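Take a look at the structure below.
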Amino acid sequence: MDSLLHRYRNITVLFVAILAQLGAIAWQVKRDDNVSLLRIWAVSAVTPMASLVENLRTGTFGVFTDYFAFRGTRDESRSLRADRDRLRLENQLLKNELAAAQREEGLAGFRAHTPSKMIAARVIGATTGLGTRSVLIDQGTVAGVQRGMAVVTPDGIVGRVLAAYPLASLVLSVTDAGFAASVETQKNHTRGVLKGMGSSTARIDYVPGGQKVEPGEAFYTSGDDRVFPRGMPAGRVVSVHEGGTFLEILAEPFSGEAAPEAVFVIVDPVHQEIPEVPITNAPVFLGPDAPSASGASGGQSGGNGTTQADQLMDQYRKIGAAQGHVFGGGNVGSTPPNFNLKVPGVNAPGVAVPVPGVAPGASGGTGFSGRAVRAVAGVVAHPATGARFGSGMPRIAVGGSGVRRVVRPVSASGGLRLAPDVPAKGGTQP
Amino acid sequence: MGSQLNSILVDDARQVRRAHYPVWVFIVVPISALLIQIYLPLFQTMRFVAKIDLPLLVTIYFSLMRRSQIRGLGIGLVLGLAQDSFSRFYIGMYGICKTMVGYFSASVGMQFDVENSFVRILLCLVFYVFHQFLYWVLQRAVLGQTVAVDIQGEAILAVINALIGVALFHFLDKLRIRE
């Protein structure tokens, strides 16, 4: 028996090792809990070294590269070059400091303007799985990170915590094939599920066909998945295709394919509103109203404080008085006065009586200017009421919106062509 | 042909001697391989490192040079489980693959002159493909996942890994204790 065991010892050990690991896999699948002691040990053993290397790199890499870049510079103007190099180095360092300060300022601003409580973390490693996209961050359960927490940057969502260890956490990236988050569009608030594809793009599933989603439209988290708070930028639509029941939407995550240097872990999510789409219709410039003949603004009032309608009424009153007409005294069926009659000094050359806004010799005001034109434009030939405006008296019409508008005929230079007056039977009519 | 074959087969006691290394090599080299694998892909220009399975190459090297099946599977087991710890999958997937790679590479190492560069390239190529195939089988059989296989891409990666493996083996040879 001993010799048999000794003879097959190696293959026996192999089988035992394989079976033990198969059992471990089965146990993990059953429990759905892959944070085992072995994983904690391994991550805790390697991540401090990764943090150390990263800190050393960020602290010394720039200085060393600059040093080696400048080392070979030797020529006659050595002192000048040395000065130049020193200034370059300072400039580079200042640029680096400025970039770092701007980045920090951006992160601080994002943190201040985001109602959710967050923990800042640094990305210290990428995991080694085939086709997987996940990163390690340097904050773990000691700092309050827990499995399932959302990880974001000011640009958008990065992923969610897959496993939290004491000193580090494993973050499933938004581009990983196993990632999913509930999202909705910015414009129409159409909901869907953002899923990673293992590449730089992601797809958005379960958006019903017929919904209006356009390329370039932004998706935000909807908060339905209870991982990401509502209102975090998720991605931008790249293409939309009709795919039967649901739309086939490809999107580019805002956080991009490359792992960011610094991230935030949301420990206390607070929902926020999805920002409104900025109005794309720019305000249209409107020029000033055309000046009236009298120079009065808008052509609506005369120079003596009366309106053009008052002046026109006064003109008609004088024409009527010249014919002996008593306004309000005419009987039914009686002949009305001829308002087209040329009365010297009123509407015909003679004694100069200036009538602002009325062209001399014009047979009734046939034009409108400035604001009056725009006011009447919708009611000159109203499709519903059929109201038309001709020459002469001020008219009152009801516009399309039901608002009563007083339309004042002004000078003939108004430029609006009006329908001719209805021909009168047996005489002229106003 | 026959002479070439004889040159890569073990034909005397000198060739079956096990290589010996300082203890720190067995600690620093695997950890460095893991560290490089998880750290360098963070940089845009070094993302290709994620495609190189350094833990696998280290497993093959130590298994070949130690010429012990038990030690080979032990090295593969430890490195595989450590690699599993950094992946998002269940612990044991890489462990099983590298355990078997360690065992079989140690078995093969007893038959060939493993210091021959051609043998090393060939073994790296074969065991890389074996490792990937085993992982694919485990994903389908144990986890029930359907994973698309890019055969052309995997073939290119196998060649690249084999070439890098030879260079790595040459470097690791320098760490041997000379007798």
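The values are calculated or read from the model by the stated rules, or taken from the named source; none is laboratory data. Being a predicted model, the structure only gives us computed values, none of them experimental. Ideal geometry is used to build each Cβ from the backbone, glycine not excepted, and the neighbour counts take in all protein chains shown.
Has region A:199-214 got at least one residue that is buried (at least 17 other Cβ atoms within 10 Å of the Cβ) and free of Cβ contacts under 8 Å to residues at least 40 places away in the same chain? Yes, there is a match, as at least one residue in region A:199-214 is buried (at least 17 other Cβ atoms within 10 Å of the Cβ) and free of Cβ contacts under 8 Å to residues at least 40 places away in the same chain. Screening region A:64-84 for residues that are modelled with pLDDT of 80 or more and within 50 Å of the chain's Cα centre (by Cα) and picking the one that is surrounded by the fewest Cβ atoms within 10 Å (Cβ to Cβ) gives A:ASP83. Scanning region A:159-181 finds one or more residues that are assigned to a strand (DSSP E or B), touching a helix residue (DSSP H, G or I) at 6+ places or on another chain (Cβ under 6 Å) and either farther than 27 Å from A:GLU273 by Cβ or in the same structural domain as A:THR127 (by TED's automatic domain parsing) (or both).
The criterion of being free of Cβ contacts under 8 Å to residues at least 24 places away in the same chain, in a helix (DSSP H, G or I) and either more than 10 Å from chain A (Cβ to nearest Cβ) or crowded, with 24+ Cβ neighbours inside 10 Å (or both) does not hold for B:ILE60. Among B:ILE91, B:ILE177, which is the only one that is in contact (Cβ under 8 Å) with a residue 12 or more places away in the chain, assigned to a loop (DSSP other than H, G, I, E, B) and farther than 15 Å from B:ARG67 by Cα? It is B:ILE177.
Just to be sure before I move on: is A:GLY125 away from every other protein chain (no Cβ under 12 Å) and not aliphatic (A, V, I, L, M) in the structure I sent?
Working: away from every other protein chain (no Cβ under 12 Å): no; not aliphatic (A, V, I, L, M): yes.
No.
Within the set B:ALA82, B:ALA141, the sole residue that is of a type outside the set (Asp, Glu) and more than 8 Å from chain A (Cβ to nearest Cβ) turns out to be B:ALA141. Of all residues in region B:94-127, those being among the hydroxyl-bearing types (Ser, Thr, Tyr) and either free of Cβ contacts under 8 Å to residues at least 24 places away in the same chain or surrounded by fewer than 24 Cβ atoms within 10 Å (Cβ to Cβ) (or both) number 2. Every test in (1) aliphatic (A, V, I, L, M); (2) touching a strand residue (DSSP E or B) at 6+ places or on another chain (Cβ under 7 Å); (3) without any contact (Cβ under 8 Å) to a residue 60 or more places away in the chain is passed by A:VAL171 save one, and that test is (3).
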